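Report on one structure; see the data block that follows.
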Amino acid sequence: MKTYAIAAIPGDGIGQDVIQVGMKVLEALQEVRGDFRIDFESFPWSCAYYLEHGRMMPEDGLTTLESFDAIYLGAVGFPKLVPDHVSLWGLLLPIRKTFDLYVNLRPCRLLPGTKGILRGKGVEDIDFVCVRENTEGEYSGVGGRVHIGTPHEVAIQSIVFTRTGVERIMRYAFDLARRLGRRKVTSVTKSNAMQHNMVFWDEVFAQVAGDYPEIAHEGVHVDAMAARMVRNPETLDVVVASNLFADILTDLAGALQGSLGVPPSANVNPIRDVPGFFEPVHGSAPDIAGQGIANPIGAVWAASMMLDHLGEAEAARQIMAAIEALTADGGVLTPDLGGQATTWEVGDAICERLRVAAPIS
């Protein structure tokens with residue numbers, strides 16, 4: 001029997017709630033299937049950990065994570081106590097950069113039975129995938145401040161694009177489109193205003209697209225893309241964008257799905273020689289933590305993506321089938337999707353659907 005070692009980092013706020021549900025769903029699935037086992041080891045790395053230890057994770061935290069097959073995270077952040085840039089740069093970004101998890105994959109799909117915010121747009125209209133460059137770009141961390149505290153203080157933050165980084169994320173997007181049978185890759189740019197890095201981005205995109213003649217390609221300015229996602233999401237198949245642009249646009253994509261509690265996120269290196277990092281897109285929402293109203297679907301969907309990355313494609317499909325059956329029925333949903341169920345009731349309902357469903361062949 002295959003055994004997978006998973007590092008669970010519940011993190012802050014509702015991350016504690018939704019990861020508890022996700023782990024319960026994975027445990028139910030392994031009982032149903034009986035052909036693999038998941039061994040979880042939980043780590044308390046969070047803003048609470050920072051307040052006690054002065055850092056988001058131990059000095060050897062990244063070395064500790066190396067031995068795991070995957071990392072499963074709830075959410076990180078407690079801005080009233082720890083500035084967001086401290087929590088982000090203290091935990092999430094070091095994991096992404098150290099393990100070179102240069103692909104951030106975020107599907108945007110309206111689940112059966114749910115209602116998005118767009119009038120007249122249904123499940124057949126909202127179904128695309130965002131591929132986010134995950135290790136450089138606007139989040140490279142290059143810059144600094146001088147004359148701090150004086151009237152002429154200066155802050156500089158530089159955007160860094162490398163040919164290696166840009167080309168590989170674009171090739172991943174085209175390869176994904178080919179694998180999924182998608183017809184088009186759309187690149188998000190702003191080269192009309194950013195005449196160096198985004199012009200470079202456009203040039204590399206055109207070069208890479210030439211190697212995939214069967215797949216249509218186009219470039220769209222980021223502001224126009226925001227409008228297009230709202231007006232014509234059905235025109236999108238695979239979207240590739242830089243770190244910041246994709247970060248912002250995929251929050252908008254979450255709104256298209258009816259709630260930011262729905263979309264998942266996978267941070268991976270396609271070579272698969274390092275642990276991938278899987279999490280819901282939503283934040284920690286500490287104001288509602290422990291109240292049982294957080295939507296766990298994003299975390300459970302992220303668990304499905306984790307299984308797929310580990311090579312358990314059938315098990316991943318079983319989780320998605322259970323989620324889709326749940327939303328199609330509509331009887332057990334959290335308040336953000338118009339229901340009255342608790343976080344844990346949704347988790348229990350997904351587990352029950354896994355237990356009664358026939359195995360997917």
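A few comments on the model shown:
- Region 1-34, residues that are in contact with a Lys or Arg (Cβ under 7 Å, 6 or more places away or on another chain) and assigned to a loop (DSSP other than H, G, I, E, B): Met1
- Filtered residue count, region 285-304, keeping only those that are surrounded by fewer than 24 Cβ atoms within 10 Å (Cβ to Cβ) and touching a strand residue (DSSP E or B) at 6+ places or on another chain (Cβ under 6 Å): 1
- Among the residues making up region 230-240, those that are outside any helix (DSSP H, G or I) and within 21 Å of the chain's Cα centre (by Cα) are Leu236, Asp237, Val238, Val239, Val240.
- Odd one out for Ser158, checked against (1) hydroxyl-bearing (Ser, Thr, Tyr); (2) within 19 Å of His221 (Cα to Cα); (3) out of contact with any helix residue (DSSP H, G or I) (no Cβ under 9 Å at 6 or more places or on another chain): (2)
- Counted residues, region 230-242 - those being of a type outside the set (Gly, Ala, Ser) and surrounded by 23 or more Cβ atoms within 10 Å (Cβ to Cβ): 4
- Complete set of residues in region 35-58 that are outside any loop (DSSP other than H, G, I, E, B) and not acidic (Asp, Glu): Phe36, Arg37, Ile38, Phe40, Ser42, Cys47, Ala48, Tyr49, Tyr50, Leu51, His53
- Taking the numbered list (1) among the small types (Gly, Ala, Ser); (2) at pLDDT below 95; (3) under 29 Å from Phe161 (Cβ atoms); (4) in contact with an Asp or Glu (Cβ under 9 Å, 6 or more places away or on another chain) in turn, Ser87 passes all entries but (2).
- Residues in region 92-116 that are in contact with a Gly (Cβ under 7 Å, 6 or more places away or on another chain) and over 18 Å from Ala241 (Cα atoms): Leu110, Gly113, Thr114, Lys115, Gly116.
- If you go through region 59-91 and pick out every residue that is surrounded by 20 or more Cβ atoms within 10 Å (Cβ to Cβ), in a helix (DSSP H, G or I) and not small (Gly, Ala, Ser), you end up with 2.
- The number of residues in region 305-349 being among the aliphatic types (A, V, I, L, M) and over 17 Å from Arg109 (Cβ atoms) comes to 9.
- Cβ-Cβ under 8 Å pairs, at least 6 apart or on other chains, region 95-114 side free of Cβ contacts under 8 Å to residues at least 60 places away in the same chain and under 26 Å from Ser140 (Cβ atoms), far side outside any loop (DSSP other than H, G, I, E, B) and among the hydrophobic types (A, V, I, L, M, F, W, C): Thr98/Leu62
- In the condition set (1) under 21 Å from the mean Cα position of the chain (by Cα); (2) not in a loop (DSSP other than H, G, I, E, B), Gly283 is compliant with all but (2).
- Residue within region 6-16 that is more than 25 Å from Asp251 (Cα to Cα) and more than 18 Å from the chain's Cα centre (by Cα) present: no
- Sole exception among (1) under 16 Å from Val103 (Cβ atoms); (2) in contact with a strand residue (DSSP E or B) (Cβ under 7 Å, 6 or more places away or on another chain) for Thr162, by number: (2)
- Condition broken by Ala325, with the remaining ones in (1) surrounded by fewer than 16 Cβ atoms within 10 Å (Cβ to Cβ); (2) more than 23 Å from Gly15 (Cβ to Cβ) satisfied: (1)
- Filtered residue count, region 308-344, keeping only those that are within 17 Å of Glu27 (Cβ to Cβ), out of contact with any Phe, Trp or Tyr (no Cβ under 9 Å at 6 or more places or on another chain) and in contact (Cβ under 8 Å) with a residue 24 or more places away in the chain: 4
- Screening region 328-358 for residues that are β-branched (Val, Ile, Thr) and in a loop (DSSP other than H, G, I, E, B) and picking the one that is surrounded by the most Cβ atoms within 10 Å (Cβ to Cβ) gives Thr334.
The values are calculated or read from the model by the stated rules, or taken from the named source; none is laboratory data. Because the structure is a prediction, the values reported are computed rather than measured. Glycine gets a Cβ as well: all are built from the backbone with ideal geometry, and neighbour counts include every protein chain shown.
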